Amino acid sequence: MSLVHLILGGARSGKSRHALSICCRMRGPHKFIATAQAYDDEMTERIRQHREERADFWHTIEAPIELARAITSVNEGTVLVDCCTLWLSNVMLAELDIGREADVLAESIARANANVVLVSNEVGSGIVPENRLGRDFRDEQGRLNQRLAEISDTVELVVAGLPLRLKG
């Protein structure tokens, strides 16, 4: 039976490093589903650093928008999705139906044949964004995190590199 593990945290909280350590203890093969897109030099550098943090046995699948399809394409082992926040941003910028895309994502996770470890940002603890797009994003991210937590076997919040078990 496949397990779903959600790891939440703020920027630079250590959530990705924690997710990698969890996945390394799970059965292989190991697939890393990357949702980031490099639109500038700074993001290109971040992606390079994340790749260096991963061991050589990881196979990377790029899925900035087609995350559900990428998850269902893996038939065994463990999948690490990093991260759901960038995926949501990509969906919003593509002006897709967020509710429908979240439904499809949740269904793909529920049907997954592999263990699924999800990384997502907790963005609701900061200040209220000053513009509508920022507030809409914060609200949609909160709804997505709730949805993912609902279908996850285990949920952890990482703060300052320390995981706090919320569920499971």
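Rule-based calculations on the coordinates, nothing more; no lab input. Because the structure is predicted, anything quoted here is derived from the model rather than measured. Cβ placement follows ideal geometry from the backbone for every residue including glycine, while neighbour counts extend to all protein chains displayed.
One table, with the values for the structure above:
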item	result
Zone residues, the range 117-146, relative to residue 57, backbone N less than 18 Å from point 7 Å out along Cα-to-Cβ	117
The range 102-132: GluC sites (Glu not before Pro) in DSSP coil with no more than 15 other Cβ atoms inside 10 Å	130
Ascending count of other beta-carbon atoms within 10 Å, so fewest first, for 30, 50, 59	59, 50, 30
Ranked list, fewest to most other Cβ atoms within 10 Å of each Cβ, for 127, 65	127, 65
For the range 6-167, share of DSSP beta bridges that run antiparallel, in % to the nearest 5	20 percent
Among 90, 115, 131: highest mean-square fluctuation, GNM of the chain, C-alpha pairs under 10 Å	131
Gaussian network model of the chain, springs between alpha carbon atoms under 10 Å - residue of 64, 29, 129 with greatest fluctuation	129
Ranked list, fewest to most other Cβ atoms within 10 Å of each Cβ, for 153, 41	41, 153
Amide H contacts of residue 61 (H built 1.01 Å from N, under 5 Å, at least 5 apart or other chain)	32, 33, 34
